[in-house]
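The values are calculated or read from the model by the stated rules, or taken from the named source; none is laboratory data. This one's a predicted model, so the numbers in the text were calculated from it and none came from an experiment. Virtual Cβ from ideal backbone geometry, glycine too; neighbours counted across all protein chains shown. Only protein heavy atoms, including side chains, enter the accessible area calculation; ligands, DNA and RNA are left aside. Shrake-Rupley method; radii C 1.70, N 1.55, O 1.52, S 1.80 Å.
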Amino acid sequence: MSYTVIYSQVTGHIPYLLAGAWLTLQLACISFFIGWGIGLVNAAVLAYGPRPARMAVRAYVTFFINTPLLVQIFFIFFVLPDMGILLSPYAAVAIGMSLNAGAYLTEIQRAGFSSLRRAEMDAAAAMGFSLVQTIWYVVLPHIAKALYPPLANQFIIQVMTTSIAAIFAVEELTGRAYNVNALTFRALEVFSITAVIYIVLTIVCSLALALLGRWLFRVNAKVF
Amino acid sequence: MWEQVVEEAPRFFGYYNLLFIGEALVNTLLLSWIGATVGFGFGFLFAICRHPRLFGVLPLRIVATLYVELFRRIPFLVKLMCVFFAFQLSGAQASLFTVALVTVVLSAAAFAAEIARAGLESIPAPQWDAAEAMNFGRWRTLWRVVAPQSFRIVLPPLFGYTVGFIKSTSIASQIGVMELTYAAKILNTRGFSALLCFGTILLLYFLICWPTKHFGERLERRLARR
């Protein structure tokens, strides 16, 4: 059996796919920012919280890091309805991805905060800085510099993980690729174009984040 | 809901179901371990193709760099679909397991190349010069100078990387490979409650991944101390 690769039947659907890429970015942003919030709260709990709370946070992080996202979303999507909580596929995917990202972002931010050294705070105190001044001039610049590259990296990972949403019939980039495939039966062409769109999308995101980091925090975030 | 689970549990954990889940577990492990190991082999080749002191001639370097940089930017699911349809449309007779394995190897190679590169870069330039002055060949330098020193950089991240692929193989359920996630879906369609199916599978994944990752972290701390 021989197969001729014909891209011309698929090229017309590229705008449709690109509109899906927009939804991909949206989903990545939602899950990243909610996950970021979860991570911030958790990192604060790990630093200052009472023992039971710390243990709960650790259990959450270990569990979510060591199980596959797909199964986590399956769990949310199929088990919660039994408890009377009916979620749309989009909501289930967004919740699953946020919780998953939250676990990774807790780890990242915990490491970032613990990179702050006692001596820096002492130096700020010796210079007669107030608490607000210490946070604004010492703590924030340091943490921003330490945290920006891994956070940017996590965002790129979020962009790629959103492809899992296709399995739950969310029409983001991969989901739309499924649709175009069903319409044209040009599987190889559709999925190779999708792959290229993902590559371009993540490179553009990396570049934008690197520029933003350089402009805001003078971080040398690498693109490649 | 809980009564239902308690009522179903003896039937769910019956002999044939356990056998079924066990088989799926073996498939998951084989898929990720073989994939990660073979992938590391290719990744290592890519890394030495990118290193100027080894086989880093320009064309090889460009190909290896492009592969590593681009393949890490394609989601596993999209890669899986590309490989799946490439096999199907080329008419090659391959099992679904093979298709998934090829996908794992393709993506593992790209990630392993970065880990191996970190290992190669941990060796300072004077040592390469010294090996060259001793008239060591490339392979001999690798084996006698680089390998004994860089294993402590390379070994610990390999555990996290393997765990990553144990988790990624859950996506292979999408094309119907009989692994843990697919087993859970089948048991769910057979009428067992979702909590029981997906809960059990989540726990199993956790029981494989957590010790592996934990061991890797302990190894990292031990190797860093020396």
Would you check which residues across the stretch B:70-81 are open to solvent by less than 30 Å² (accessible area, probe 1.4 Å) and either of a type in the set (Lys, Arg) or part of a helix (DSSP H, G or I) (or both) and list them? B:Arg73, B:Phe76, B:Leu77, B:Val78, B:Lys79, B:Leu80, B:Met81
Given the structure, is A:Ala177 within 12 Å of chain B (Cβ to nearest Cβ) and small (Gly, Ala, Ser)? yes
Go over the candidates A:Phe32, A:Phe77 one by one and state the one that is within 14 Å of A:Gln154 (Cα to Cα) and crowded, with 16+ Cβ neighbours inside 10 Å. A:Phe32
Can you spot a residue in the stretch A:87-109 that is among the polar types (S, T, N, Q), exposed (fewer than 12 other Cβ atoms within 10 Å of the Cβ) and either more than 30 Å from A:Ala165 (Cα to Cα) or touching a residue at least 24 places away in the same chain (Cβ under 8 Å) (or both)? no
In the stretch B:42-80, anything within 14 Å of chain A (Cβ to nearest Cβ) and more than 18 Å from the chain's Cα centre (by Cα) is listed as B:Arg50, B:Arg61, B:Ile62, B:Ala64, B:Thr65, B:Leu66
Does the stretch B:84-101 include one or more residues that are away from chain A (no Cβ under 14 Å), among the aliphatic types (A, V, I, L, M) and open to solvent by less than 50 Å² (accessible area, probe 1.4 Å)? yes
Hey, could you check the stretch B:201-216 for residues that are more than 7 Å from chain A (Cβ to nearest Cβ) and without any contact (Cβ under 8 Å) to a residue 60 or more places away in the chain and say which is nearest to B:Phe151 (Cα to Cα)? B:Phe215
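Every residue, every condition in (1) open to solvent by 40 Å² or more (accessible area, probe 1.4 Å); (2) under 28 Å from B:Phe85 (Cα atoms); (3) part of a helix (DSSP H, G or I), yes or no:
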position	(1), (2), (3)
A:Ala111	yes, no, yes
A:Ala124	no, no, yes
A:Gln133	yes, no, yes
A:Ile143	no, no, yes
A:Tyr198	no, yes, yes
A:Cys205	no, no, yes
A:Arg214	yes, no, yes
Going by the structure shown, is B:Ala118 in a helix (DSSP H, G or I) and open to solvent by 10 Å² or more (accessible area, probe 1.4 Å)? yes
From the list B:Ile166, B:Ile153, exactly one residue is facing chain A (nearest Cβ under 10 Å) and closer than 25 Å to B:Phe111 by Cα. Which is it? B:Ile166
